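The values are calculated or read from the model by the stated rules, or taken from the named source; none is laboratory data. Keep in mind the model is a prediction, meaning the values are calculated, not measured. Positions of Cβ are backbone-derived with ideal geometry, glycine not excepted, and every protein chain shown enters the neighbour counts. Just the protein is used for accessible areas: all its heavy atoms, side chains included, with ligands, DNA and RNA removed. Shrake-Rupley method; radii C 1.70, N 1.55, O 1.52, S 1.80 Å.
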Amino acid sequence: MLGIPGLPARLAAFDRQVTCAPATRILAATLAEFARQAPRLDPATGRELGEHVSGLLRTVLRTAAPCDAKPDGLHTRVHDHIESHLAGDLRPEAIAAAHHISVRYLHKLFQRHGETVCGYIRRRRLDRIRRALADPGVAHRPVPSVAAQWGFAEASHFGKLFRAESGVSPREFREAALGRNS
């Protein structure tokens, strides 16, 4: 099959992984549809959908485990806690206290999944800000106000982080997402 040694066995193993992991099945279906529809998308929509696909991929990678392995319930509960408190106090000490674990154990929990606590929080907050900046209902709010809502009180620090992660300034992102020209 395609002249690649061992490919049939690799595909069979991948197929077993896909059929036993719901998040992976969702990602596979989304990627297939995204590939079919990509030529019809405008650049801003394609970028926004790409962010959603990368979020799905992060979820699949975070939850990837053999079919017979038990999911890490504590890690999932911590992620849920972070999601529900993104606009609030998310210092590692506060998160650890909410789950009756040490800060050191919290950091180890995230390390096992290839990420850091602060990196995960920063990424999730930036995702929320991108969604808000692309929302026409929030277009009247200044960018620093939107950033402050999600925990970035200092506008210059936020702007640097946003540009480093997105490749454009928050204002440029908003204009592209809302289809405006400066």
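Checking the conditions here, which among G114, G167 is touching a residue at least 40 places away in the same chain (Cβ under 8 Å) and open to solvent by 40 Å² or more (accessible area, probe 1.4 Å)?
Only one candidate qualifies: G114.
Tell me the residue from R141, R130 that is surrounded by 19 or more Cβ atoms within 10 Å (Cβ to Cβ), basic (K, R) and at negative phi, please. Before the answer, list the steps.
Working: R141 fails: surrounded by 19 or more Cβ atoms within 10 Å (Cβ to Cβ).
Only one candidate passes the filter, namely R130.
Sort out for me the helices (runs of 4 or more DSSP H) sitting completely within region 121-182 that have 3 or more residues that are under 21 Å from L56 (Cβ atoms) and polar (S, T, N, Q).
Working: elements: 143-149, 155-166, 170-177.
No helices (runs of 4 or more DSSP H) qualify here.
If L86 satisfies all but one of (1) in a loop (DSSP other than H, G, I, E, B); (2) more than 17 Å from the chain's Cα centre (by Cα); (3) surrounded by 13 or more Cβ atoms within 10 Å (Cβ to Cβ), what's the number of the condition it fails?
(2)
Determine which single condition E93 fails, assuming it passes every other condition in (1) over 20 Å from R58 (Cβ atoms); (2) at pLDDT 95 or above; (3) open to solvent by less than 50 Å² (accessible area, probe 1.4 Å).
(3)
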